[in-house]
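Remarks on the structure that follows.
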Amino acid sequence: MQRFIGVSLGALVTYLLLVAAEAWSADPAAKYGMAVVIGAIVSWLWPWVIGIILARRLKARHDQKISDEVDKQLAEERKKG
């Protein structure tokens, strides 16, 4: 599944770059080369990017749980004292 997603993302990025580069360059070798290289890089790096995003979300949730627990304990202390 990971390879399928990587290939799909790489192909999509390659296609979008080719469409966008239609107006930029008259040299087909530079246009196609740039699109293929960037598409390959995207298909190779996407798991790391997704992993970083998911790790940040997990850390934010963990920090929020800690903050909620601290707030709860402070509220209990205020009621007692």
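Please list log₁₀ I(q)/I(0) at q = 0.21 Å⁻¹ for the chain, using the Debye equation with identical point scatterers on the alpha-carbon positions.
-0.91
With unit charges on the beta carbon (Lys/Arg positive, Asp/Glu negative), name the residue among Val42, Gln64, Ser8 whose Cα is farthest towards the positive pole of the charge dipole of segment 6-81.
Gln64
So for the pair Asp71, Ile41, with labels modelled 7 Å out along Cα→Cβ, what separation do we get in nm?
4.2
Determine which aspartates and glutamates satisfy two conditions relative to Lys72: a Cα distance under 16 Å, and not lying fewer than 8 residues away in the same chain.
Counting by Cα, and skipping residues close in sequence, Lys72 has these aspartates and glutamates nearby: Asp63.
Using θ = phi - 60° and the Karplus relation 6.51 cos²θ - 1.76 cosθ + 1.60, list the HN-Hα couplings for segment 53-66 in order, rounded to whole Hz, with x at every Gly or Pro.
4, 5, 5, 5, 5, 5, 5, 5, 5, 5, 4, 5, 5, 4
Can you tell me which aspartates and glutamates have their Cα less than 17 Å from the Cα of Lys65? Leave out same-chain residues fewer than eight positions away.
Glu76
Put +1 on the Cβ of each Lys and Arg and -1 on the Cβ of each Asp and Glu in segment 2-80; which of Ala20, Leu54, Ala30 then has its Cα farthest toward the positive end of the dipole?
Leu54
Each reported figure results from applying straightforward, stated rules to the coordinates on display, with no laboratory input. Nothing here was measured: the structure is a model prediction, and the numbers come from that model. Glycine also receives a Cβ, built like all others from the backbone with ideal geometry; neighbour counts cover every protein chain displayed.
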